[in-house]
Amino acid sequence: VTALADPQSLTALERQVAARVAARRQELVALLCELIGYDTRTHVVGDPPRQEVELQTSLARRLERVGADVSVAEPDVGLIADHPLVPDHFSFAGRPQLVARFAGAGGGRTLLLNGHVDVVDADPQEGWLSHPFIGDARDGAVWGRGACDMKGGVASMVVAAETLAEMRIRLRGDLVVNTVTDEESTGAGGLVSARTLRADGAIVPEPTSLGIAIACRGSLLPTLTVQGRTGHAGSPPRHHDDGGNVNAIDKAIYLIDAVRRLRDDWSLHRAHPYLAPADCVTTSIRGGDWIVSYPGSCVVNFHIEYLPASDGSDPAAHVCAEFEDWVMRAASADPWLRTHPPRVQWLVGGVPPAAVAGDAAIVQLLAGADRALGRRGELSGFDNWHDGASLIVEGGIPSVCYGPGRLAVAHTVDEQVPVDDLVNCCQGIAVAAMRFCELDG
Ligand SMILES: [Zn+2]
């Protein structure tokens, strides 16, 4: 990673923009509370839409009012139907995607601001101190489902674009505001953006505590099917070569333990400066049929999180081979599994890791803007997957996460975001946009 430029200072115009954003603090809070109030809980295929139209329409009106060319439309699923993340019968009906373009004067870079408006459910609601779907501003924070993941980030990016437009800051490149659905479920909204929007850089304000996250981990979903030999649970032990019963659950536990050692091995390889090590978690186990029978089979699911290669490419094939080899070597050391090896399958739903170079323009200019605003401008990673990964992998758009609130608070009871973070993120995006898209004249 190239060393960052020296901290710069703000120009007079940038200072005015930052001051205008700071003066809009209550407006930011009000917009976030409004967004939290729309029911945009994530869904499975076939669920009716909720209030996605209302949310997107409200943002469209705001952005139109300050001169954006806005489209709110349900994309053709055919654009993304080939992608493994998109389930059969998927539809955007009632869940439109918003694209608001502030056209530049020409000759500058296009910046995409992308955020998802869907949220995870808030059940059970007993633990919440305030209603999860009524934004509650108190103690210097806004509380509610989606406060940090990521309606807070959406509010910050919308107000940033709005402020530049209202102040009639003329940019050379286009500034594009894009709010999507279906991130928490499938990533389908972000996939459409990646395949239809062109930009020279993107900021996705997922909660990073205003770190500039330039990499995220990918995931893979292996399943082991372990065979035993069923029979009466009360029969005396007998060797399997002599027709004895074999407990598939016991054999699965042996393999789970082997995978745990693989996880330990990975955890000792701190191979990435900004991301947690690769991980493999046992997520479900299903075995046995009857309370007085030996289990004849056992199915175990795992969730692998893995790192991008040092050149940013996807080492999925290598990770799959390593996992399979590890499991098969463990199996070969067991007298039953040696001749009855487990079946390894890879479920659909894994996502690729993604990374952008530390010296990419969007990284350097955003870090410089953040520092000029008096903050750290620190590069970081985002261990969870997000739509920015699709923008990088599918769209070839260098994308970073830079958003208000802490990732550890996302999806939790009493999710919240500090109001200072909302303001700081909004300022950072506005100044970065001025530098990335370049001022005209
Ligand atoms: Zn998110």
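All of the numbers you see were taken from the coordinates with simple rules; none came from a lab. All figures in this text were calculated on a predicted structure; none of them were measured in a lab. Note that each Cβ is placed from the backbone with ideal geometry, even for glycine, and that neighbours are counted across all protein chains shown.
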Residue with peak Gaussian network fluctuation, the chain [Cα springs, cutoff 10 Å], from 411, 269, 232: 232
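Does the chain come out rounded, prolate or oblate, given a ≥ b ≥ c as the square roots of the eigenvalues of its C-alpha gyration tensor, rounded meaning a/c under 1.5 and, failing that, prolate meaning a/b above b/c?
Because a/c hits 1.5 or more and a/b exceeds b/c, the chain counts as prolate.
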Dipole of segment 238-327, positive direction: furthest Cα of 268, 287, 310, with charges on the beta-carbon: 287
Length added when fully stretched, residue 250-residue 265, from 0.36 nm per residue minus Cα-Cα: 3.1 nm
Nearest 10 degrees, 0 to 90: helix 25-37 Cα axis against the chain principal axis: 40 degrees
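Using the 2.2 N^0.38 Å rule of thumb for compact globular proteins, work out how segment 340-435 stacks up: its C-alpha Rg over that value, please.
With N residues counted in segment 340-435, Rg over 2.2 N^0.38 Å equals 1.38.
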Per-pair calculated FRET efficiency, R0 = 41 Å: residue 26 and residue 318 via Cβ, rounded to 0.05: 0.20
Alpha-carbon gyration tensor eigenvalues x 5, square-rooted, for segment 1-108, Å: 34, 21, 16
Cα centroid separation, segment 374-389 to segment 8-70 (Å): 21 Å
GluC sites (Glu not before Pro) restricted to DSSP loop in segment 376-434 with at most 16 other C-beta within 10 Å: 378
Residues residue 123 and residue 82, FRET efficiency given R0 of 30 Å [Cβ-Cβ distance, rounded to 0.05]: 0.35
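Using a/c under 1.5 as the rounded threshold, could you call segment 102-191 rounded, prolate or oblate? The axes a ≥ b ≥ c are square roots of the C-alpha gyration tensor eigenvalues, and prolate needs a/b larger than b/c, oblate otherwise.
It comes out oblate by the Cα gyration axes.
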Added length on full extension, which subtracts the Cα-Cα distance from 0.36 nm per residue, residue 412 to residue 131: 99.8 nm
Student exercise, the chain dipole from Lys, Arg, Asp, Glu Cβ charges, in Debye to nearest 20: 620 debye
From phi via Karplus (6.51, -1.76, 1.60), per-residue ³J(HN,Hα) for segment 101-106 in Hz, x at Gly/Pro: 10, 9, 5, x, 6, x
DSSP-assigned coil residues among trypsin sites (Lys or Arg not before Pro) in segment 185-240, each with at most 13 further Cβ atoms within 10 Å: 198, 238
Taking 339, 225 and counting other C-beta atoms within 10 Å, the order from fewest to most: 339, 225
Euclidean distance of C-alpha centroids, segment 286-365 and segment 214-242, integer Å: 15 Å
Rounded to 10°, Cα long-axis angle of helix 12-23 versus longest principal axis of the chain: 70 degrees
Segment 324-410 - charge dipole about Cα centre, Lys and Arg +1 at Cβ, Asp and Glu -1, debye rounded to 20: 200 debye
Farthest positive-ward along the chain dipole, Cα basis, beta-carbon charges - from 320, 103, 389: 103
Relative exposure of 21, 66, 86, judged by other C-beta atoms within 10 Å (fewest first): 66, 86, 21
Distance (nanometres) between label positions extended 7 Å along Cα→Cβ at residue 332 and residue 58: 6.1 nm
Protection-proxy order for peptides 204-213, 160-169, each taking the mean of Cβ atoms within 10 Å per residue, highest first: 204-213, 160-169
Between helix 248-267 and the chain: long-axis angle, C-alpha atoms, 0 to 90°, nearest 10: 40 degrees
Calculated FRET value between residue 8 and residue 285, using beta carbons and R₀ = 56 Å, to 0.05: 0.55
Cβ-based net charge around residue 193, under 10 Å, with every Lys or Arg adding one and every Asp or Glu removing one: -1
